[in-house]
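Worksheet: the structure to be examined is printed underneath.
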Amino acid sequence: MSVPCNEQFERHYEAHLKHLRLKGLQPKTIEAYARAVRTVGAYFDGCIDDLSEQQLLDSFTDRLATHSWSAVKRDPYGLKLDYAHVLHKPRVSLDLFKPPTGQRLPEIVALEEARQLFEATRMLDDRVSSSPSAASGCASARGWR
């Protein structure tokens, strides 16, 4: 790190921490947003004042290669706050990526899907507890004993 960028980054980072505390954010949020600035600062050797969208895209892509989505997903929010309140610059477009989406199970299953689910269970107790009457809240005779 060059000395001017390093000194400037330290002052910048301290101001960022003050803004995070004054906004009344939760401690875990403060930690995540501060980590975002530290991570980007380390990636760009402390010179984070004028980053392009492509530079940010490269840094997030590299970070996603070594970290999980949940570790990276708050970084753009920390940088948005930093650019707005510490650097007093127009917000960098950080809508670069979307979280992975999972496929949700339907709440109502078709008869064929229910048959496949019941056949996939191995124990009779599992079949009894996942039957429609048990799922609807009806007590079975076994439950009353």
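The values are calculated or read from the model by the stated rules, or taken from the named source; none is laboratory data. Please read these numbers as outputs of a predicted model, since none were measured by experiment. Glycine also receives a Cβ, built like all others from the backbone with ideal geometry; neighbour counts cover every protein chain displayed. Areas reflect the complete protein model, heavy atoms only, side chains present, ligands, DNA and RNA absent. Shrake-Rupley method; radii C 1.70, N 1.55, O 1.52, S 1.80 Å.
Tabulated data
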quantity: Hey, D62 closer than 30 Å to A15 by Cβ, open to solvent by 70 Å² or more (accessible area, probe 1.4 Å) and modelled with pLDDT under 80 or not; calculated: no
quantity: First in segment 103-130 and in a helix (DSSP H, G or I), second anywhere and of a type in the set (F, W, Y) and at pLDDT 65 or above, Cβ under 7 Å, 6 or more apart; calculated: R127/F118
quantity: Residues located in segment 79-89, provided they are open to solvent by less than 30 Å² (accessible area, probe 1.4 Å) and over 16 Å from G46 (Cβ atoms); calculated: L81
quantity: Any chance V72 is under 30 Å from G102 (Cα atoms), surrounded by 16 or more Cβ atoms within 10 Å (Cβ to Cβ) and modelled with pLDDT of 85 or more; calculated: no
quantity: Cβ pairs under 8 Å, 6+ apart, first in segment 1-30 and free of Cβ contacts under 8 Å to residues at least 24 places away in the same chain and within 26 Å of S70 (Cβ to Cβ), second part of a helix (DSSP H, G or I) and open to solvent by 60 Å² or more (accessible area, probe 1.4 Å); calculated: I30/R21
